[in-house]
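What follows is a short report on a single structure.
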């Protein structure tokens, strides 16, 4: 605890040296608190997933049917939906329909459907509109099979009736992301965890810089380590697959291991340009 408090007293102190005991005890204490908060975040998500065994596949069960309220579909919101689909280029209406407002809904079945224009953004807009008008429940959006980019990875999901549904990795990731985002926003542990990480951000960087000073290295090495360990973010943001995501993940793993090894090294003996050896100063207490 004393090292945790010491790092907070030196909240933005990037000068001087920090022995490995100071660095690792601070990291351990922060990790324990983060782990406790993350358990509080994860438990509701795991429970939600276990309570919905058909979460990964779109099935014709009562749960899905009950989430659709066709009784709330009327001429006004039907026209709003049709206008959205027409505006996005999903459907083309013949001239006799578009020129006659009274017949627009009645004759809407005579359309040309351009399914290739149906993207994730349009699906989201459509579901937002349906939810706003009370036609579908919010939870149904997690069960939608998005017309997005399809990867080679497939997953077989067993349904309650014994049948199986094939879904692609893209669908799985999107459903999990949507559910986790919605649940975390309602979870107080998430906001406490976020606030805690913001609070320890600067002292974590400061103690890491001082630990590098203790090893006789410039604090700018920390920036290099941070950039290299964050490389896997690039393929995730660009939705890349194949060689580069695997390579960058392995590189980041190697850099992380190297960073841990470096931070485990003993203090540089004697005094260096960042000050005296903190281990030698506290030697009588060891």
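Scanning the stretch 211-239 for residues that are surrounded by 13 or more Cβ atoms within 10 Å (Cβ to Cβ) and more than 19 Å from residue 18 (Cβ to Cβ) yields 228, 229, 231, 232, 235. For the stretch 25-47, state whether one or more residues are under 21 Å from residue 266 (Cα atoms) and surrounded by fewer than 16 Cβ atoms within 10 Å (Cβ to Cβ). Scanning the stretch 25-47, I find at least one residue that is under 21 Å from residue 266 (Cα atoms) and surrounded by fewer than 16 Cβ atoms within 10 Å (Cβ to Cβ), so the answer is yes. For the stretch 68-85, filtered to residues that are under 32 Å from the mean Cα position of the chain (by Cα) and outside any helix (DSSP H, G or I), the residue that is nearest to residue 134 (Cα to Cα) is 69.
So which residues in the stretch 240-265 are in a helix (DSSP H, G or I) and exposed (fewer than 14 other Cβ atoms within 10 Å of the Cβ)?
243, 246, 247, 250, 253, 254, 256, 257, 258, 260, 261
Values in this text are rule-based calculations from the coordinates and carry no lab data. What you see is a predicted model, and the numbers here were worked out from it, not measured in a lab. Cβ atoms come from the backbone with ideal geometry, glycine included; neighbour counts cover every protein chain shown.
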